[in-house]
Amino acid sequence: MKIFFVSMGCAKNTADSEHLIKQLILHNHEVVDESESADAAIINTCGFIQDAVKENISAILDLEELKTQGQIKTLIIAGCLVNRYESELRKEFPSVDLFVRSEEWDKIIKFLGGNLNNNCKNISPSLNKNFWTRYLKITEGCNTLCSYCAIPLIRGKLRSVPLKNLIDEAHMLSISGAREICLVGQDLTVYGQDFNDGTNLKTLIHELNKELPANTWIRLLYLHPNRVNEDLINFLLEHDKVLHYLDIPIQHADSEILSRMNRPVKDRSLDNLFTLRTTIMTGFPGEGESSFERVLDFISDIEFDRLGCFVYSPEEGTKAAKFPDKVSRKISEKRCNKIMQIQSEISQERSELFINSILDVLVEEIDSESGEIWARSYRDAPEVDGLVCVSGCEINKIKLGDLIKAKIYDCAENDLFGGVI
């Protein structure tokens, strides 16, 4: 059967979708790029915040229209949106053939049928054209219970993926061409806590660093700030494949707001040896002008390399949704814009520090007409950060996914410009 596949949401969903696609291929189904040539469509949904819910509903409506027109015969909705709103979805979309919760992919395989083909067992399909960058999801669910977050309601409690499974999968990704493996989970720092056998994030990183080929990048995404300490940073520095890049969502800087978020601050130090990415939330209930000013002061003090900001969304079922002292959307958006204005200046200053430096960069795009290459350095996570434009390249000697060296001679707020060495 030919299947048109749509994956929505975050990198964790991408990892899930790739696991499902592998199972489809193993059972002799073909995943196609265009809906016009498909017999069935599957959408792996995201339901994290209301903006995502609206986007996903719109995508489902588009697929439902394809079925109504007879372009596809079967429509399957899977993932987080089903976890969260299954009964409502069943009423709203009666033409859908199957609703499947996250991780229950075997139900899809059983519904579609197909014969197992063990000749495909060593494949590692990628949803993205950039096969050299892959995501390795190491945990599911979360036990932290931040008051604003619906993830525990959607995905349940923490469940770590067994160490051997992750090492085997990382090997498979590497064989398939991965030069960069991004570890993802709601919070990487709690990996292994549910095993109760001493296995933890350090164990995993040590094994990956030992087992993966030379010149493989290991990137860490999403770490809780209270569990990033000097001991962990020193450990990471001892492992050469781990990029000096940490994505640490702090969400806020005011102690009272953080306490209401159930993210109370502990003593911590943020090491300058690492590129730091973070996210900030504006408009959380109770955020007054003084608490917002603390955020601005904190950002100016730390000088994060990368920062994203978003407006608080009251999510059904979360503790924070019932909090008083609501902040208007208008004020929240104004504060968000203010943060990004300040960060714009900081990002420019941080980028200027790299002028005259030499960086290893991973080739993302080759422009044969201009002779330029667009690539990413250790400080640029896929899809969310900047790029490095490299000139003076012999295009015919460079391939997508290659690692090359570039000397930086100029910069913009988020991008660097350099020449090939």
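Points worth noting:
- Cβ-defined net charge surrounding Lys2, 13 Å radius [Lys, Arg +1; Asp, Glu -1]: -4
- Separation of the Glu211 and Tyr409 label points, Cα + 7 Å toward Cβ, nm: 4.4
- Extended-chain gain in nm, criterion 0.36 nm per residue less alpha-carbon gap, Phe195 and Arg90: 34.2 nm
- Of the GluC sites (Glu not before Pro) found in segment 148-248, the ones in coil according to DSSP and having at most 16 other Cβ atoms within 10 Å of their Cβ are Glu238.
- Simple point charges give the picture: +1 on the Cβ of Lys and Arg, -1 on the Cβ of Asp and Glu, and for the chain a dipole about the Cα centre of about 1160 debye.
- Highest to lowest packing among 125-137, 321-333, 88-100, 405-417, scored as the average C-beta count within 10 Å: 125-137, 405-417, 88-100, 321-333
- Taking Lys and Arg as +1 and Asp and Glu as -1, the other residues whose beta-carbon sits under 13 Å from that of Met172 total 0.
- With Cα atoms defining each centre, segment 43-106 and segment 340-388 are spaced 37 Å apart in the structure.
- Ligands, DNA and RNA left out, the 1.4 Å accessible surface of segment 130-214 is 56% carbon and sulfur atoms.
- Under the Karplus curve 6.51 cos²θ - 1.76 cosθ + 1.60, θ = phi - 60°, whole-Hz ³J(HN,Hα) for segment 29-44, x wherever Gly or Pro sits: 8, 10, 8, 10, 7, 10, 5, 4, 9, 9, 8, 9, 10, 10, 10, 8
- A simple count of charges around Asn143, restricted to other residues whose Cβ falls under 14 Å of its Cβ and scoring Lys, Arg +1 and Asp, Glu -1, yields +2.
- Relative contact order of segment 61-117, pairs being alpha-carbon contacts under 8 Å that are 6 or more residues apart, as %: 32
- Segment 275-344: chymotrypsin sites (Phe, Trp or Tyr not before Pro) in DSSP loop, at most 14 other beta carbons within 10 Å: none
- Around the amide H of Ser160, modelled in the peptide plane, lie the amide H atoms of Glu140, Gly192, Asp194, all under 5 Å away and 5 or more residues distant in sequence or on another chain.
- Residues with amide H under 5 Å from that of Val184, placed H, sequence gap 5 or more: Leu136, Lys137, Ile138
- The residues of the chain have, on average, 46 Å² of accessible surface per residue, using a 1.4 Å probe with all protein chains present.
- Near the amide H of Ile218, within less than 5 Å, lie the amide hydrogens of Ile181, Val242, Leu243, all on another chain or at least 5 residues away, with H placed in the peptide plane.
- Correct choice for mean projected area of the Cα convex hull in nm² that was computed from the model, options [x] 18.8; [y] 25.4; [z] 21.9: [z]
- Dipole size of segment 158-305 about its Cα centre, with +1 on Lys/Arg Cβ and -1 on Asp/Glu Cβ: approximately 460 debye, rounded to the nearest 20.
- Highest average first, the peptides 40-52, 356-368 ordered by how many other beta carbon atoms sit within 10 Å of their residues are 40-52, 356-368.
- Fluctuation leader among Leu81, Leu246, Leu236 - the chain, Gaussian network, Cα springs under 10 angstrom: Leu236
- Share of carbon and sulfur in the accessible heavy-atom surface of segment 308-349 [1.4 Å probe, %]: 54
- Met1-Leu296 pseudo-label distance in nm [points 7 Å out on the Cα-to-Cβ vector]: 5.6
- The charge dipole of segment 277-369, taken about its Cα centre with unit charges on the Cβ atoms of Lys, Arg (+1), Asp and Glu (-1) only, comes to about 820 debye.
The values are calculated or read from the model by the stated rules, or taken from the named source; none is laboratory data. Keep in mind that what you see is a predicted model, and the values were worked out from it rather than measured. Glycine gets a Cβ as well: all are built from the backbone with ideal geometry, and neighbour counts include every protein chain shown. What goes into the accessible areas is simple: the full protein's heavy atoms, side chains included, and nothing from ligands, DNA or RNA. Shrake-Rupley method; radii C 1.70, N 1.55, O 1.52, S 1.80 Å.
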